[in-house]
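The values are calculated or read from the model by the stated rules, or taken from the named source; none is laboratory data. Model, not experiment: these values are computed from the prediction. With ideal geometry, Cβ positions are generated from the backbone for all residues, glycine too; neighbour counts draw on all protein chains shown.
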Amino acid sequence: MKRFLDLAELARAEVLALLELAGRLERQPEPRALEGKILGLLFMNPSLRTLASMQAGMARLGGSSFVITPGQGTWQLETRLGAVMSGAAAEHVREGIPVLASYCDALGIRAFADGRDLAADLAETNFNAMAALTSKPLINLESAVNHPCQALADWKTLDDLGVARHGRFVLSWVYHPRPLPLAVPAAALHMAALRGMEVVVLRPAGFALPQAIMDKARRAASMSGGSIRESDVRREALAGAAVIYAKEWGATECYGDTAADARLRAAHADWCVRGDWFEHAAPECRLMHCLPVRRNVAVADEVLDGPRSAVLREAYNRLTAQMAVLYRLLKGL
Ligand code: CP
């Protein structure tokens, strides 16, 4: 494995092998496996879990890492091609990324969606332009429409919890005061489809996921024996659910138009996961969310603090899953 940019670039068997490796490293730690190796981490956007778990994972395998957060102690980085750099950014990624890559054995990049042009974000225009600037092993730490590290951790969490392979996985839109990117819902949808689950995308009108994201997940489902459908009827979608995967995202109907998005979402402030969402779900139904989560806006205290919540296990598995990715990229075994 040379790059870890999208779970869809791996065969299903390779994903299963990564999950097996994650479990093995958890049971039998290898604290010297990546001795002498250095991971560079470029965060164009904020993070808690991804940043900390990548550094911790590298250290637990005997390697080391450095973090660059442009504008916070380092030069602000320009990403636009052809930009006249007379503003705040003193350096362009066209120099910055090759320089950073020359200091390390593998590089991770986080670069969120621009959020204005849906076609450009779906094409991963910005992330791909940065990825093309290095031939070093590369990890996608969250791009416009993908978050493969989160997806791998979520798959491991489903396995850890004993969620049936074909169980019902409800990816539910939940409220947030402003539009959030499509990366996590797209990655979670694809992951659950590739795992073989009965996936229901539950969302209000105006918040359907783009066709390209749905089509990609349907292809994964067809390979794994899973299924995908959409619903805007909460009671019907949640009936029999094994997992409610709560996630906030922007209105795709008016992508990039924050005023129109605000008008649409204002009617859906009641899309906050509460205890009664589980009334008709499977008895053991679990709540998943990638975090960070706004308490009592997206998910209520009673759910996050209750026995159904798997959010801390998901966050912990960022470490275990990424250790497998680092091991595979840097040790190759
Ligand atoms: N879920 C996730 O990627 O968390 P961070 O944004 O804190 O890294």
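Determine whether Val299 is among the aliphatic types (A, V, I, L, M) and within 16 Å of the ligand (Cβ to nearest atom). Taking the combined requirement at face value, the residue satisfies it. Apart from one condition, Met1 fits all of (1) under 19 Å from Val145 (Cα atoms); (2) touching a residue at least 60 places away in the same chain (Cβ under 8 Å); (3) surrounded by fewer than 17 Cβ atoms within 10 Å (Cβ to Cβ); the exception is (1). Between Val303, Val297, Val293, the distinction of being in the same structural domain as Val174 (by TED's automatic domain parsing), farther than 18 Å from Ala192 by Cβ, among the aliphatic types (A, V, I, L, M) and in a helix (DSSP H, G or I) belongs to Val303 only. Only a single item in (1) free of Cβ contacts under 8 Å to residues at least 60 places away in the same chain; (2) outside any strand (DSSP E or B); (3) more than 16 Å from the ligand (Cβ to nearest atom); (4) surrounded by 15 or more Cβ atoms within 10 Å (Cβ to Cβ) is not met by Glu253, and it is number (4). Exactly one residue out of Ala144, Ala131, Ala111, Ala151 is in contact with a His (Cβ under 8 Å, 6 or more places away or on another chain), surrounded by 14 or more Cβ atoms within 10 Å (Cβ to Cβ) and either closer than 28 Å to Glu14 by Cα or of a type outside the set (A, V, I, L, M) (or both), and it is Ala151. Only one of the numbered conditions (1) under 30 Å from Phe4 (Cβ atoms); (2) among the aliphatic types (A, V, I, L, M); (3) not assigned by TED's automatic domain parsing to the domain that holds Arg27 is not met by Ala321, and that is (3). Leu189 satisfies every condition listed in (1) within 16 Å of the ligand (Cβ to nearest atom); (2) in contact with a His (Cβ under 9 Å, 6 or more places away or on another chain) except (2). Are any residues in the range 11-24 over 17 Å from the mean Cα position of the chain (by Cα) and surrounded by 20 or more Cβ atoms within 10 Å (Cβ to Cβ), and if so, which ones? Selection gives Ala22 alone. Would it be correct to say that Arg235 is surrounded by 15 or more Cβ atoms within 10 Å (Cβ to Cβ) and either part of a helix (DSSP H, G or I) or at pLDDT 95 or above (or both)? No, not satisfied. Residue-level check: of (1) more than 16 Å from the ligand (Cβ to nearest atom); (2) crowded, with 24+ Cβ neighbours inside 10 Å, Ile213 misses just (2).
Counting residues in the range 43-57 that are farther than 18 Å from Cys149 by Cβ and either outside the structural domain of Lys136 (by TED's automatic domain parsing) or buried (at least 20 other Cβ atoms within 10 Å of the Cβ) (or both) gives zero.
Is there a residue being under 19 Å from the mean Cα position of the chain (by Cα), within 30 Å of Arg313 (Cα to Cα) and touching a residue at least 24 places away in the same chain (Cβ under 8 Å) anywhere in the range 91-106? No, the range 91-106 contains no residue that is under 19 Å from the mean Cα position of the chain (by Cα), within 30 Å of Arg313 (Cα to Cα) and touching a residue at least 24 places away in the same chain (Cβ under 8 Å). Within the range 42-70, residues that are without any contact (Cβ under 8 Å) to a residue 24 or more places away in the chain and on the phi < 0 side of the Ramachandran plot sit with their Cβ atoms under 6 Å from residues that are of a type in the set (Ser, Thr, Tyr) and more than 13 Å from the ligand (Cβ to nearest atom), at 6+ positions apart or across chains, in these pairs: Gln55/Ser65.
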